[in-house]
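The values are calculated or read from the model by the stated rules, or taken from the named source; none is laboratory data. Computed from a predicted model, the values in this text were never measured in an experiment. Glycine also receives a Cβ, built like all others from the backbone with ideal geometry; neighbour counts cover every protein chain displayed.
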Amino acid sequence: MNLSDIRSQFPILDTEVHGHRLVYLDNAATTQKPQAVIDTLSDYYAHLNANIHRGAHHLAAVATDRYEAVRRQVQQFIGARSHEEIVFTRGTTESINLVASSFARRFFQGDDEVIVSGMEHHSNIVPWQLAGARLRPIPFSDVGVLDLDAYSRLFNEKTRLVAVTHVSNTLGTVNPVAEIVRMAHAHNVPVLVDGAQAISHLKVDVQALGCDFYCFSGHKMYAPMGVGVMFGRQEMLDELPPYQGGGEMIEEVTFERTTYNHLPFKFEAGTPSVGDVLGLGCAIDFMQQVGIDTIAAHEADLLHYATARIREIPGVRLFGTAPEKAAVLSFLVGEAHPYDVGTLIDQLGVAVRTGHHCTQPVMDRYDIPGTVRASFAVYNTRDEVDAFIAALERILPMLN
Ligand SMILES: Cc1ncc(COP(=O)(O)O)c(C=O)c1O
């Protein structure tokens with residue numbers, strides 16, 4: 001992998017912040033975009049902008065073809081059986097809300113339970129609460145590994161669904177999703193996987209995982225904001241009612257009755273974010289050109305290097321040290337408030353996230369207000385890890 005070639009594709013990495021070269025370590029919140037993705041967006045609006053599916057004219061036909069080509073590209077990227085199983089949404093949050101809303105209407109009977117993990121992002125907690133479910137969280141150990149024995153004991157006749165994150169955005173844990181699915185299916189319970197933090201770091205194969213739903217956001221995998229994916233197994237999607245009503249999702253409408261379009265359009269009401277979908281296709285090209293295995297190996301190297309280096313700093317506590325872990329480093333320095341750490345190293349050009357990372361139950365589990373989180377992507381370097389550690393060392397005297 002030619003790291004300087006990769007970095008040169010991301011114009012934002014040349015930005016200066018407070019007189020320092022930006023060291024961007026907030027990739028779990030959103031990744032930066034390569035020039036090709038930025039160009040795809042501007043080319044779309046400069047040369048191709050048209051509403052899709054309905055037009056008889058040239059631009060509408062080309063835009064539709066390109067939009068539908070990305071659907072097939074996503075299908076191959078995640079190993080789905082059919083392009084009809086790929087629904088475009090605004091992001092992971094909308095994908096999960098879609099499933100929660102439709103699934104509840106179809107399958108909830110009152111007194112329904114959804115098993116989640118104890119390390120879910122709020123977007124895989126609140127939609128189930130809104131849908132009326134009682135949540136049964138799977139506990140996890142101090143290092144951040146799910147307790148599968150406890151999980152096996154959570155199933156009962158009220159269990160309607162298991163909804164788990166593939167990779168924890170706070171702890172970095174890569175959860176054993178295939179095993180979680182196998183155990184749920186043994187109880188005839190379907191499984192939704194929140195892939196928001198997995199999709200840019202691991203090879204995802206939804207058929208190998210066996211899951212019924214897999215949700216992710218484009219903006220966390222080098223694509224624009226405003227586009228995401230909800231994969232659903234066809235048999236499952238056929239069973240679910242539409243999520244939103246409007247244009248495109250219908251077959252026939254009268255004032256008495258409406259029939260719905262076939263998959264995947266049944267779940268895509270209204271005008272989609274066409275340019276962003278094309279940008280997603282370009283981001284997949286980028287990831288495949290670099291190679292998912294190459295990305296994973298590089299990020300694993302960064303994680304190991306950063307973990308070893310941060311342990312040199314006195315008073316650092318790491319949260320999430322599971323053996324299977326993605327490139328996320330959550331930590332506290334002594335008694336310092338995470339926000340103070342984040343704002344002080346920002347003055348030195350280092351961008352990290354601080355707070356509860358939309359995982360308040362994880363903070364409660366450790367009885368802490370929040371953490372500082374550094375998260376890595378393909379364009380980060382060991383030099384940037386050194387700059388991050390140097391920034392922490394420099395601010396240490398100001399913290400105590
Ligand atoms: C694990 C996880 N799930 C869901 C989300 C929500 O993603 P989005 O805000 O793109 O919908 C995030 C975002 O940080 C996340 O990390």
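Observations on the model:
- Residue match in segment 108-119 (condition: assigned by TED's automatic domain parsing to the domain that holds Leu263, touching a Phe, Trp or Tyr at 6+ places or on another chain (Cβ under 7 Å) and in a helix (DSSP H, G or I)): no
- Filter pass, Gln32 being in a helix (DSSP H, G or I), outside the structural domain of Ala326 (by TED's automatic domain parsing), under 26 Å from the mean Cα position of the chain (by Cα) and surrounded by 16 or more Cβ atoms within 10 Å (Cβ to Cβ): no
- Residue match in segment 280-300 (condition: in contact with a strand residue (DSSP E or B) (Cβ under 7 Å, 6 or more places away or on another chain), in the same structural domain as Ala60 (by TED's automatic domain parsing) and farther than 30 Å from Gln360 by Cα): no
- A count restricted to segment 136-151 and to residues that are within 15 Å of the ligand (Cβ to nearest atom) and assigned to a loop (DSSP other than H, G, I, E, B) stands at 1.
- Residues of segment 210-228 classified as among the small types (Gly, Ala, Ser), part of a loop (DSSP other than H, G, I, E, B) and within 10 Å of the ligand (Cβ to nearest atom), total: 1
- Residue within segment 224-233 that is β-branched (Val, Ile, Thr) and surrounded by fewer than 23 Cβ atoms within 10 Å (Cβ to Cβ) present: no
- For segment 22-81, residues that are more than 26 Å from Val290 (Cα to Cα) and of a type in the set (Gly, Ala, Ser) total 7.
- In segment 79-119, residue surrounded by the fewest Cβ atoms within 10 Å (Cβ to Cβ) [restricted to those that are of a type in the set (Phe, Trp, Tyr) and away from the ligand (no atom under 16 Å from the Cβ)]: Phe107
- Residue-level check: of (1) of a type in the set (D, E, K, R); (2) part of a helix (DSSP H, G or I); (3) touching a helix residue (DSSP H, G or I) at 6+ places or on another chain (Cβ under 9 Å), Asp5 misses just (3).
- Only one of the numbered conditions (1) among the aromatic types (Phe, Trp, Tyr); (2) surrounded by fewer than 16 Cβ atoms within 10 Å (Cβ to Cβ); (3) within 16 Å of the ligand (Cβ to nearest atom) is violated by Phe255, and that is (3).
- In segment 245-264, of all residues being in contact (Cβ under 8 Å) with a residue 40 or more places away in the chain and within 26 Å of the chain's Cα centre (by Cα), the one that is farthest from Gly228 (Cα to Cα) corresponds to Leu263.
- Members of segment 167-209 found to be touching a helix residue (DSSP H, G or I) at 6+ places or on another chain (Cβ under 6 Å), outside any loop (DSSP other than H, G, I, E, B) and touching a residue at least 60 places away in the same chain (Cβ under 8 Å), listed by number: Leu192, Asp194, Val206
- Out of Ala296, Ala326, Ala306, sole residue that is in contact with a His (Cβ under 7 Å, 6 or more places away or on another chain) and away from the ligand (no atom under 16 Å from the Cβ): Ala296
- Residue match in segment 120-135 (condition: under 27 Å from Asp205 (Cβ atoms), more than 15 Å from the ligand (Cβ to nearest atom) and surrounded by 18 or more Cβ atoms within 10 Å (Cβ to Cβ)): no
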